[in-house]
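A.B. asks: Before we start, here is the structure in question, set down as structure tokens.
The values are calculated or read from the model by the stated rules, or taken from the named source; none is laboratory data. As the structure is a prediction and not an experimental result, all values here were calculated from the model. Positions of Cβ are generated from backbone atoms using ideal geometry, with glycine treated the same way; all protein chains shown enter the neighbour counts. Keep in mind that these areas ignore ligands, DNA and RNA; they rest on the heavy atoms of the full protein, side chains included. Shrake-Rupley method; radii C 1.70, N 1.55, O 1.52, S 1.80 Å.
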Amino acid sequence: MDASQGHSSEASTAPTVVSFEEVLSLEGSTLGPTSWREITQEQVNTFAAATDDHQWIHVDPERAQDGPFGAPIAHGFLTLSLLIPMWTELLDVTGVSTKVNYGLDTVRFTNPVVVGSRVRMTVAVSEVKEVAGDGLHLVAEASIEIEGQERPAVVATFLTRFYR
């Protein structure tokens, strides 16, 4: 994907590629960061249409200039939804039949993402355990940062499973 589609062409950390058997060894490791992704007004408008959330702080750039953030901001859930393509950029597990997004334990939107900003993600793998069905359950502490900002946009505990 190129920059016009909201994804930077800058080099990022190469994805970690492990076999199903090697996933257990990821516990305690950090993956990332991903490449930077620009948040565009078009992306925000498309998300607003998909979710029926047309609040002016997201979709009215002119009015948003006089709002609390001085510009339109991305929906928190738009930023969170980028976790999946960024996660795919960080980790590739081979020798599996199924990969399942199992959910989230905690999510916090700690800093608004102004349209035109760039974000990227780093994760710390806090736990990996075996689960029924010949599977592995991985817990990742994800942080989606905003370029040039001290506080991240999103911090989330992401749960995923891999099945042989």
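A.B. asks: Please work out which one of (1) within 18 Å of V154 (Cβ to Cβ); (2) in contact with a Ser or Thr (Cβ under 9 Å, 6 or more places away or on another chain) is the condition T88 fails and give its number.
C.D. replies: Answer for T88: the failing condition is (2).
Per-residue answers, yes or no, for (1) in a strand (DSSP E or B); (2) surrounded by 19 or more Cβ atoms within 10 Å (Cβ to Cβ); (3) touching a Pro at 6+ places or on another chain (Cβ under 6 Å); (4) β-branched (V, I, T):
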| residue | (1), (2), (3), (4) |
| --- | --- |
| T88 | no, no, no, yes |
| V100 | yes, no, no, yes |
| R108 | yes, no, no, no |
| A124 | yes, no, no, no |
| E141 | yes, no, no, no |
| F158 | yes, yes, no, no |
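A.B. asks: Sticking with this structure for a sec: Give the number of residues within the range 8-66 that are touching a strand residue (DSSP E or B) at 6+ places or on another chain (Cβ under 9 Å) and more than 25 Å from V114 (Cα to Cα).
C.D. replies: 16
A.B. asks: With the structure loaded, tell me whether E42 is open to solvent by 70 Å² or more (accessible area, probe 1.4 Å) and in contact with a Lys or Arg (Cβ under 9 Å, 6 or more places away or on another chain) or whether it fails that test.
C.D. replies: So E42 fails the test.
A.B. asks: When both residues are 6+ apart or on different chains and their Cβ atoms are under 8 Å apart, which pairs have a first residue that lies in the range 60-77 and is surrounded by 15 or more Cβ atoms within 10 Å (Cβ to Cβ), and a second that is at pLDDT 95 or above and among the acidic types (D, E)?
C.D. replies: If the second residue must be at pLDDT 95 or above and among the acidic types (D, E), the pairs left are P72/D60; H75/D53.
A.B. asks: Only one of these conditions is not met by V93: (1) surrounded by 12 or more Cβ atoms within 10 Å (Cβ to Cβ); (2) modelled with pLDDT under 95; (3) part of a strand (DSSP E or B). Which number is it?
C.D. replies: (2)
A.B. asks: Run A50 past the list (1) part of a helix (DSSP H, G or I); (2) buried (at least 16 other Cβ atoms within 10 Å of the Cβ) and report the number of the one that doesn't hold.
C.D. replies: With respect to (1) part of a helix (DSSP H, G or I); (2) buried (at least 16 other Cβ atoms within 10 Å of the Cβ), A50 is out only on (2).
A.B. asks: Let me ask you something else. Consider D92 carefully, then state whether it is out of contact with any Lys or Arg (no Cβ under 6 Å at 6 or more places or on another chain) and without any contact (Cβ under 8 Å) to a residue 40 or more places away in the chain.
C.D. replies: No; evaluated as a whole, the condition is false for this residue.
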